[in-house]
Amino acid sequence: MTRRARLWLLLAGGAGLAVLFAAACLKLPAFGGDRHPYGDRAVRASLARHTANTVSSVNFDQRAFDTLGEMTILFAAVLGCVVLLRQTRDEHRAAPEPAEVALPVRRYALIVLPVALVSGLYVVAHGQLSPGGGFQGGVVAATALHLLYLGADYRALERVRPVGRYEVGDALAASAYLVTGLAGLIGSAAFLANTILPYGTFNTLSSGGTVPLLNAAIGMEVACAVVVLLARFLDQAVEIEGEGGS
Amino acid sequence: MSAVLDVLPYLVAGWVFLVGCYGLATSRNLIHAVGCLSVCQAGTYVLLLAVGYRDKATAPVYSDIKPGSRPVVDPVVQALTLTDVVVGATVTALLLALVVQISKRHDTVDPDELSELRG
């Protein structure tokens, strides 16, 4: 198909979709309306289980099984990237050259690194109380480590980041989520049911039953997954070289 | 005026999605195409958050407000959006890994030049 024909086909399809979508939007409840039956019930269930952050309650309690699927997607995607970005037979590893880093960049990166790392861990730990949670905090913590790459050089990053251990950590965290779910099966009758632990005092770190545990498992999994992913991409960019030089 | 505002956020979501589709179909560079897919997905974020919005409501987090004192927006669609973001990020990572391999094997990232099969 020529580019022109493809563009016309796209425009026809897009126009059809736009018309149908606009017609459907006109029948939707008005934006900002007061009727949110699922939201109201989710808030009630979350408060009944002493979880201050309702979004975490939905993710790690009411829809914990969905989050298991989501975590599996993340795990499978990381596995796929590791396989796709491996070193092939016709490539070799070159030692990365230490690069010159401007002094303000180095200073800023080394000051911000611990702050960012602690913020990431804080966001994970308070996932059941304040906005945030395992997914967000895990990304912040994993990104913080990579400030070392900006502030120092690639070899410094490799010293604090043995990729093998993070791969093991990723798998362990995924298993921890599953095991917590299975514990629900023993304690009551349902997989991932939030009934085995006391709900605790509202708005304290240990409130919410299994929500903090699942949240921590996800935080660890996401942090490890991001580190492994970025390590594979950085390997491709910095270390692995083909036959022809680059 | 308010009749327009009642549907505007939904229409914006559809517009963002269609713009992403247009970019995907006309893209001459696979990295650009992966970016366009993210734009498509951003349309779904806007749609989900628009569905959950409630006038004069705050975030569904009770660490600093008393339960029942203020209306909150729908937490279910916010959780769905979080799932959406995570899946979007993983798909982007996987697609970019594929692009790295394509550029190594075929020396091009233009989808129009990737017509021949190679063993």
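Counting only GluC sites (Glu not before Pro) that are in a DSSP loop and have at most 12 other C-beta atoms within 10 Å, tell me the longest site-free stretch of chain A.
No qualifying site falls inside A:101-242, the longest such stretch.
Counting only C-alpha contacts under 8 Å and six or more residues apart, can you give the relative contact order of the stretch A:49-241 as a whole percent?
Relative contact order of the stretch A:49-241: 34 percent.
Which number do you get for Rg(Cα) / (2.2 N^0.38 Å) in chain B?
Normalised by 2.2 N^0.38 Å, the Cα Rg of chain B equals 1.45.
In whole Å, what are the extents of the stretch B:63-119 along the principal axes defined by its C-alpha atoms, from largest to smallest?
Here the spans come out as 64, 18, 17 Å, largest first.
I need the Debye-formula profile for the stretch A:49-241: one equal scatterer per C-alpha, no solvent, reported as log10 I(q)/I(0) at q = 0.12, 0.13, 0.16, 0.18 1/Å, two decimals.
Debye intensities relative to I(0), on a log10 scale: -0.65, -0.74, -0.98, -1.14.
Taking the number of other C-beta atoms within 10 Å as the exposure measure, put A:LEU214, A:LEU20, A:LEU150 in order starting with the fewest.
Fewest-to-most Cβ neighbours within 10 Å comes out as A:LEU20, A:LEU150, A:LEU214.
Please build a GNM for chain B, connecting alpha carbons under 10 Å apart, and tell me which residue among B:GLY14, B:GLY43, B:GLY68 fluctuates the most.
Top of the fluctuation ranking is B:GLY68.
In whole Å, what three semi-axes, largest first, describe the equivalent ellipsoid of the stretch B:2-46 built from its Cα gyration tensor (square root of 5 times each eigenvalue)?
26, 9, 5
Out of the stretch A:84-188, which trypsin sites (Lys or Arg not before Pro) are coil in DSSP terms and have no more than 13 other C-beta atoms within 10 Å?
A:ARG86, A:ARG89
Going by C-beta contacts inside 10 Å, put A:HIS146, A:HIS92 in order with the fewest on the left.
The fewest-first ordering by Cβ neighbours comes to A:HIS92, A:HIS146.
What angle do you read, to the nearest 10 degrees and between 0 and 90, between the alpha-carbon axis of helix B:2-26 and the longest principal axis of chain B?
10 degrees
Kirkwood Rh over alpha-carbon pairs of the protein assembly as shown, then Stokes-Einstein at 20 °C and 1.002 mPa s: what D in µm² s⁻¹, rounded to an integer?
Approximately 93 µm²/s, per Stokes-Einstein.
Near A:LYS27, which aspartates and glutamates are there with a Cα under 12 Å away, not counting those fewer than 8 places off in the same chain?
Cα-Cα hits under 12 Å: B:ASP6.
Report the per residue volume, in Å³, of the convex hull enclosing the C-alpha atoms of the stretch A:52-98.
Dividing the Cα hull volume of the stretch A:52-98 by its residues yields 99 Å³.
FYI, it's all coordinate maths here, none of it is from the lab. Just so you know, these numbers come straight off a predicted model, no measurement behind them. All Cβ positions, even for glycine, are placed from backbone atoms using ideal geometry, and neighbour counts span all protein chains on display.
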